[in-house]
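Participant: Questions regarding the structure given below will be posed in turn.
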């Protein structure tokens, strides 16, 4: 069962829900939370009525309703969405009105502020007390149920601390300060809600990327608007210029430049022609294209991103877990210390009760862990949202921190360091033939073939202005090559071994073939009945950004970089050299890659693995952190990995490491600020140099500080 939870904005509310709903559903382990979408998921082994869960949530002061699988998050009623703002505004207005009435009826501002005799001023007039009381009620309206629940369970939290402080201030006649505390605490909670809501909107915008309908083209050529959820795999969908692509698929008609930035983070539109893949949520350019759908609406890359971002909230970062554990012990200690300060001096030293009770209340306020509790989640959510906007999908807070601690990095070769498909890199005409003649002959044969090498050769020929005119009498020579007739003559192509079988190899050709093979190239030999016409070398080339990315990683201090591949030694050596990697292991099976990663983990501790294929999934899972190439990568690799590079851009790796380090730095800044300022005010309180309104102002100030410091991560730029 899933429930939409109104009022769940931080880890403190999650902790409250765990304590109240957990026993009902068989333990906290059966609950998971998505703070961004405000969703609680219950996985109980026994039958439980939804109304019982809703009633348990209501007891916490929050509101629950069954989660709808609609395309947008239910908005709730007007009061539900704006209640916090109105109550906070009412609390502030009533406190101001109470202060004006107090000043007017009691002889000036100094008396209302308690400057004449702090802690000993006369009680405010009745009108001022009523206004102050209404201000306190409005400011504490959403805090009181949570405080009462915490007290019932003997688990005091920041809501209980604030409630004690406000009630205590009223009991000793500090009405203005009680109202100020209630108002400023409400402002602090409002800011916390706003900060999470901002990050929530940044990620929830993904849900609006997919259009409301797909223009499905039937077999007779007619077009009909159909909801994406109802479009079958294999259907033809028309995407007009400027439209959003409704589903993942591949282009079958037309060509255009498609803006994939919402999915992959690529800044420039990507040219698309027949055969090229497109993603749901990307935006078509000026050309009309027809795509054949390859995935259903719930399995598109966009749907996976949305689902993973939602699930990410259950994977708490180490710093979040530390703060939660710290706050669990910190709050009772602060409460006990406040009671000790309020009671010990009057009892043992004969000091004034009102003076030391006041100081105890000030300590309760400054000891509130609000700023500490929100310091980390805001930073983590902002960092994850910024990463998603830059084409880096991080599956949880634990994984946004992990790249900062990487000591070694292992790369798969094919599709990771390389393009993953062969490219013609050299054409060598022999026996008096020209390059054009050689390309005409090989294109005539390969025009009928359907393997990646044939596509690469035909594409190269067409790029050189040589048309791919299919030859006649095309025949596949099983396991060796192919043949066809061109301009009335028979030509063949094949491997080095096939050339040897035909007995047409010369010493010069043999030496060339051996050298090209050692360089990691795949060589196609082209000939006729009498001689060899030439050689065409193809290779899986290194990604253009790979070398610069490797250099940037080294500049960040990651010197232990290794390539793991199942390819032969010669190819591995050539790719490692071109990409700038010093160490590599070749001819590895999937289980060998796992062993290699295990050895790295044992030696260096924190190790990341980058890969794209199904055979990389076990190694990705074994590494400390798995990073998948998301655009061309297999579903298995993406699902297994902890992070996916949605644009297949290796330059995102050094950006990710830097982003993770920035995130950790900001988290440390926030925790230090929250604890440091509290320590200063504790000392001031013990010396009698602080007050309730000053303490809450300081607490709100540091809350603002950590919120805005954390939200700076939303503005982190990607790779230029």
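Participant: Take the residues of segment 186-224 that are part of a helix (DSSP H, G or I) and modelled with pLDDT of 75 or more: which is surrounded by the most Cβ atoms within 10 Å (Cβ to Cβ)?
Facilitator: 186
Participant: Could you check how many residues of segment 267-291 are in a strand (DSSP E or B) and over 10 Å from residue 247 (Cβ atoms)?
Facilitator: Final tally of qualifying residues: 8.
Participant: Being surrounded by 14 or more Cβ atoms within 10 Å (Cβ to Cβ) and either free of Cβ contacts under 8 Å to residues at least 40 places away in the same chain or more than 10 Å from residue 534 (Cα to Cα) (or both) is the filter here; which residues of segment 424-434 pass it?
Facilitator: Residues satisfying the conditions are 424, 425.
Participant: Of the conditions (1) in contact with a helix residue (DSSP H, G or I) (Cβ under 9 Å, 6 or more places away or on another chain); (2) in a helix (DSSP H, G or I), residue 470 satisfies every one except a single condition; which number is it?
Facilitator: For residue 470, the exception is condition (2).
Participant: Report whether or not residue 85 is over 27 Å from the mean Cα position of the chain (by Cα), at pLDDT 85 or above and closer than 13 Å to residue 6 by Cα.
Facilitator: No: the conditions fail for residue 85.
Participant: Also: Out of all the residues in segment 515-535, is one or more at pLDDT 90 or above and part of a helix (DSSP H, G or I)?
Facilitator: No.
The values are calculated or read from the model by the stated rules, or taken from the named source; none is laboratory data. Because the structure is predicted, anything quoted here is derived from the model rather than measured. All Cβ positions, even for glycine, are placed from backbone atoms using ideal geometry, and neighbour counts span all protein chains on display.
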